[in-house]
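Presented below is the structure to which this report refers.
Computed from the coordinates by the stated procedures, all read-outs in this text should not be read as laboratory data. Since the model is a prediction, treat every value here as computed from it, not as a measurement. Backbone-built Cβ (ideal geometry, glycine too); neighbour counts: all protein chains shown.
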Amino acid sequence: MPANRFYIFTLIILSLILGFLVYLVLKPFLTPIAWAVVLSIVFYPLYAFFRKHIKWKSFAAAITLIVILVIILGPFSYLSFLLAKELKEVAAYIEKGELGLEGILKDPRVSWLLERVKSILNIENVDIGNLLAENLSNMGKQLVGKITAGVRNVVATLLNFIFMALAIFFFIRDGSDFMTRIRDYLPFSEEQKDRLERQIKGMVISTIFGGVVVALVQGLMAGTAFYFLDVPSPVIWGTAVAIMSFVPVLGTFSIWGSVVVYLFLKGAIVKGFILILIGMFGISLVDNILKPIIIGGRTKMPTLLIFFSVLGGIKLFGLIGLIIGPLVMALFISVFEIFRNIEGGANA
């Protein structure tokens, strides 16, 4: 018995050490691997469709990969180019102090509001306009620096993209075999494995399809509206709407509502009311119509958990954390639910 315990203890320590070494080996590639996992999940039904008509798995996986790359290199690359261009222009304007703040700050309504704020905070001697202009100028300098650093990392980005493409190919081609092996390693009964698989699929559809698709639709709708209403930097604002779509409570209103205030301050009253109608009956209504259709009766996480998992995911993983954060939380809830049922004596 002592020898058996020593064997198990040694095996656990060795597994932990090797697992940590594997993590160190894969650490430089975690971001492209994460994107590859997400895209493989999203486009796997397309691969399954191709497999019905194509005998060779590698050929079907290659065609699926080409479709994914066309979608990414097409509209997303163009939008990324426009976004980078607008960010550079905005950063230059901020750095030079050419955002037209003087005209806005001289508006009687804005001046009255600033005076009220200064009176409430007892800071009558502080020039909020100059303070705001200085902070924006500093922010512009930092943004220019980050954009310049990003341009220098083009080679690294290209390499990550290549690694992601290779990972997508193998994830799609060998995904079913890989998942079968993982299923065999799970220390659960077959009923519990089936239940876990159903919960994970429901969570994936809820977080990826119900989150990403809705965010893309809302961002596209908002960006188009901003463009036709002559709002400066419509791609930036549309991207901000798509990102805020993942954040509960604040949501997309925090962006398009701010743009409405901007239009009113600029004197574009008609455009402001048009954007209110588009925001209320278009952008924000997508959440109430499209999400229930996509998610249906599948498992949904509480709003508070989604909020913190999104923010924590972004902080830990970067932009991919918008998806990985909720997915990790969903996986934890699913596994915890199984253990809870085991503790309670349930077998399902």
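Key figures
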read-out	value
Ranked by how many other beta carbons lie within 10 Å on average, peptides 238-245, 279-286 from highest	238-245, 279-286
Length added when fully stretched, K315-F253, from 0.36 nm per residue minus Cα-Cα	20.1 nm
